Amino acid sequence: MTRSKLILAALAGLVIAGSASAAGGAKHPHGPEGGFPFEGPFGRFEDESVQRGYQVYREVCASCHSMKLMHYRNLGEPGGPFYDPEYPNANDNPLVKAFAAQDEILSSQPNDVGDYEYRPARPSDPFKSPYPNDAAARAANGGALPPDLSVITKARHGGADYIYDLMLGYPDPGEISDDGEIEFREDYHGTLTQAPGQYYNPYMEGDTIPAWEGDPRHAPPGGFLAMAPQLMDGRVTYMDGTEATKEQMAYDVAQFLAWAGEPKQTNRKSAGLAVMAYLLIFAGLLWFSYKRIWRNVSH
Ligand code: HEC
């Protein structure tokens, strides 16, 4: 094969691969306009947003989703949204104590007569789970298991961008008929039918073809999930007075989940920067001493 033929074959391969991926799958998550503040080597979590995100998680998501890897004290540790230098030990942080004490959890120690009782949680406890086990969680959610959200931004392609887009990606309730039909007129032409308890979302991994009436080669992206849309304007009343639009709540909860997935990110980045600065200075010193040592030696 000549060289130009090889290049042509490679290009054709690329085109085929490209069109194959365009024919199905979920919409690529793009996240909020302007991105998240924690992205990039100099990025940091915006504490106020992570604090609000915790409120959204608690008041909305926590009734179905556990976060088993998180402990209340993590909220008040360095890098955490409620960290206060006055309380280097997060277990003493009054805010963290108050958040924990609002949740009643089943004690792991039996009382004097051998029964297990509910008690207010302490900062050292893991976040309260909404269900005692997976079977109970499935039974309450029509057979679907709400995944644990501790590291969800690490477990899904697109991370926080994906959470943001998934939360906001559902079609408007006004676009869905009583029979669960969604009509597409612009990019796709046809009708998608939601089965009872299933909700269409263009960012969800899945397949829309079985529910699609229209050109099968041109079905809308995405899939169905058993979680109804969760965020509508005003769903929470923010403690800090920020207006709770659904975009704001999606932004805050996505940032909170990104923090939860990597609570030490801020510390890691500042340590990384210090190490880079040190290495740079050290490299400079090394270069000058090399020059100096070999100055009068012919080599
Ligand atoms: C009423 C219960 C309920 C509430 C409240 C709820 N979810 Fe869910 N969620 C579910 C269920 C059930 C699933 C599993 C859906 C499936 O697999 O079909 C799910 C799935 C998810 C997924 C995984 C999607 C995927 O890629 O597999 C994410 C992320 C998620 N929820 C985030 C949230 C966030 C963030 C909130 C709060 C703003 C929230 N959920 C509130 C029930 C709930």
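The values are calculated or read from the model by the stated rules, or taken from the named source; none is laboratory data. The structure presented is a predicted model; accordingly, all values stated were derived computationally and were not measured. Cβ placement follows ideal geometry from the backbone for every residue including glycine, while neighbour counts extend to all protein chains displayed. Please note that ligands, DNA and RNA were not included when accessible areas were found on the heavy atoms of the full protein model with its side chains. Shrake-Rupley method; radii C 1.70, N 1.55, O 1.52, S 1.80 Å.
For Glu181, nonlocal amide neighbours, meaning residues 5 or more places apart or on other chains whose placed amide H falls under 5 Å from its own, are Gln194. Per atom type, the chain shows carbon and sulfur on 58% of its accessible surface, probed at 1.4 Å. Accessible area per residue for the chain is 61 Å², calculated with a 1.4 Å probe on protein heavy atoms, without ligands, DNA or RNA. Here Ile281 and His30 are evaluated by their C-beta separation; at R0 = 25 Å the FRET efficiency comes out at 0.05. Under Stokes-Einstein, with the Kirkwood radius over Cα pairs as Rh, the value for the chain at 20 °C and 1.002 mPa s is 93 µm²/s.
Rounded, prolate or oblate for region 50-169? Axes are the square roots of the Cα gyration tensor eigenvalues, ordered a ≥ b ≥ c, and the cut-off for rounded is a/c under 1.5. Here region 50-169 falls in the oblate category. Using the Cβ-Cβ distance between Leu69 and Ser270 with R0 = 25 Å, the FRET efficiency computed as 1/(1 + (r/R0)^6) comes to roughly 0.60. Here the sum of -39500 (n - 2.57) over DSSP H runs of 4 or more residues, divided by the residues of the chain, equals -11500 deg cm²/dmol at 222 nm, to the nearest 500. Computed from the Cβ-Cβ distance with R0 of 41 Å, the FRET efficiency linking Asp103 to Asp172 stands at 0.75. Just check region 21-63 against the gyration tensor rule for me: Cα atoms, a ≥ b ≥ c as the square roots of the eigenvalues, rounded for a/c under 1.5, and otherwise prolate or oblate depending on whether a/b exceeds b/c. Note, shape of region 21-63 comes out oblate.
Under 20 Å of direct C-alpha separation, and excluding same-chain neighbours fewer than eight residues apart, Lys269 reaches these lysines: Lys154.
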